[in-house]
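What follows is a set of notes on a single structure, which appears directly below.
Derivation of every value follows stated rules applied to the coordinates shown; laboratory data play no part. Note that the coordinates shown come from a computational prediction; the quantities given were computed from them, not determined experimentally. Note that each Cβ is placed from the backbone with ideal geometry, even for glycine, and that neighbours are counted across all protein chains shown.
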Amino acid sequence: FFMRYSSLLMSAVLASGLNCTAVLAQDKIPVIASFSILGDLVHQIGGEHVSVTTLVAANGDAHVYQPTPQDTIRLTKSKLFVVNGLGFEGWMERLVSASHYKGKVITASTGIQPLAFAGEEDEHHEEKGNHDEDAHQHTGLDPHAWHSIPNTIRYVHNIADGLSQIDPAHKGDYQSNAANYVQQLEQLDKSLLQEFSALPAEKRKMITSHDAFGYLSHRYQITTIAPQGVSTESEASASDVAKIIKQIRKEQIKALFVENISDPRLMQQISKETGIQPGKPLFSDALSDEKGPASTYLDMMRYNTEQILAALKQ
Ligand code: ZN
């Protein structure tokens, strides 16, 4: 029966010709991305061949995310799971095992040079103990690697390679989409390097609520102070805040930012005590929704650096 069925199918395929390719083209590869920034990268590279679902949506916080039963089902139906790695998605392994996912997992940050985050943070985590044990992995590494464009270029190649492996028929498209996108990334990075280096070093200092911009700071030589540390889970102590206020005054720092995913109260307090007006919220760990100013990775990088440059120039 099977043979007969397949030969029937075969003649149907041959007979329908063009029609059939149209049907196959609609057969998109289901891909899951752990958070919105990766979702956009997968979308840029996969184009029409993939359908991307993002687990932690726009303006969501992946540090403290709790996967839902829906996520388990979505993952079961997907062929590729793209994650950041570096301990960012502490909940990911549990999700993979709970859903008995057998598809491919790509760690987008593979091959980048990770930055360590400044000491102390682990102490904060131990003391607080008010979060899910799995929510954050203590890798000692800063997971926010996408804020350096050269790292994101690495992400793009890793994603293009992963897609090419599960869908070799469209390898050419994935590689050429990646090449075009990398060109845009390189162009933006080049102009940002010029703009930041035009500012005197003593002006390149900023405060952000959680330490998400270590890689951006490293790339463009900005000194960044973050009272909340590297994860949104930790809270700054009163003495941390007092220390930062002292430092702001001493070093005459004028750039103060909150992130789209962080509680703004701490920064409001610092702003009140120092008289510094905070800039518009930066997008750190999630894109904006479609109407917002940072609904793609490239827009996010343009928007954040525009705000930062304007604040540093004061
Ligand atoms: Zn973060």
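Going highest first, how would you order 192-201, 173-182 by mean Cβ packing within 10 Å?
Packing proxy ranking, top to bottom: 173-182, 192-201.
Would you pull out the residues with amide H under 5 Å of Leu282's amide H, same chain only if 5 or more places away, H placed 1.01 Å from N?
Amide H neighbours of Leu282, under 5 Å, 5+ apart: Val258, Glu259, Asn260.
Could you pull out every one of the lysines with an alpha carbon less than 18 Å from that of Lys171, ignoring same-chain neighbours closer than 8 positions?
Filter leaves Lys28, Lys79, Lys104.
Listed highest first by mean packing, meaning other Cβ atoms within 10 Å per residue, what order do 241-252, 143-154 come in?
143-154, 241-252
So what are the ³J(HN,Hα) numbers for the range 173-178, from phi and the Karplus equation (6.51, -1.76, 1.60; θ = phi - 60°), rounded to whole Hz, Gly and Pro as x?
5, 4, 5, 6, 4, 4
Quick query: amide H of Ile207 versus all other amide H atoms, modeled in the peptide plane; which residues come in under 5 Å with a sequence gap of 5 or more or a different chain?
Ile225, Ala255, Leu256, Phe257
Among Lys205/Lys243; Lys246/Lys272; Lys203/Lys254; Lys272/Lys313; Lys77/Lys291, which pairs are too far apart, with a Cα-Cα distance over 18 Å?
Lys272/Lys313; Lys77/Lys291
Scan around Ala33 for amide H atoms under 5 Å from its own, H built in the peptide plane at 1.01 Å from N, and keep only partners 5 or more places away or cross-chain.
HN-HN under 5 Å from Ala33: Thr53, Thr54, Leu55, Val82.
Ala169 to Thr72: FRET efficiency via 1/(1 + (r/R0)^6), r the Cβ-Cβ distance, R0 25 Å, to the nearest 0.05?
The calculated FRET efficiency here is 0.30.
What per residue convex hull volume, in Å³, do the alpha-carbon atoms of the range 46-119 yield?
Value for the range 46-119: 128 Å³ per residue.
Across the range 297-312, in residue order, what do the Karplus-derived ³J(HN,Hα) couplings come to in whole Hz, using 6.51 cos²θ - 1.76 cosθ + 1.60 with θ = phi - 60° and x for Gly and Pro?
Per residue, the Karplus-derived 3J(HN,Hα) values read 4, 4, 5, 4, 5, 5, 5, 4, 5, 4, 5, 5, 4, 4, 5, 5 Hz.
Got the relative contact order for the range 215-314 handy, in percent, Cα pairs under 8 Å and 6 or more residues apart?
20 percent
I'd like the Karplus ³J(HN,Hα) series for the range 281-287: coefficients 6.51, -1.76, 1.60, θ = phi - 60°, whole numbers in Hz, and an x wherever there's a Gly or Pro.
Karplus values, whole Hz, x for Gly and Pro: x, 8, 9, 9, 10, 7, 6.
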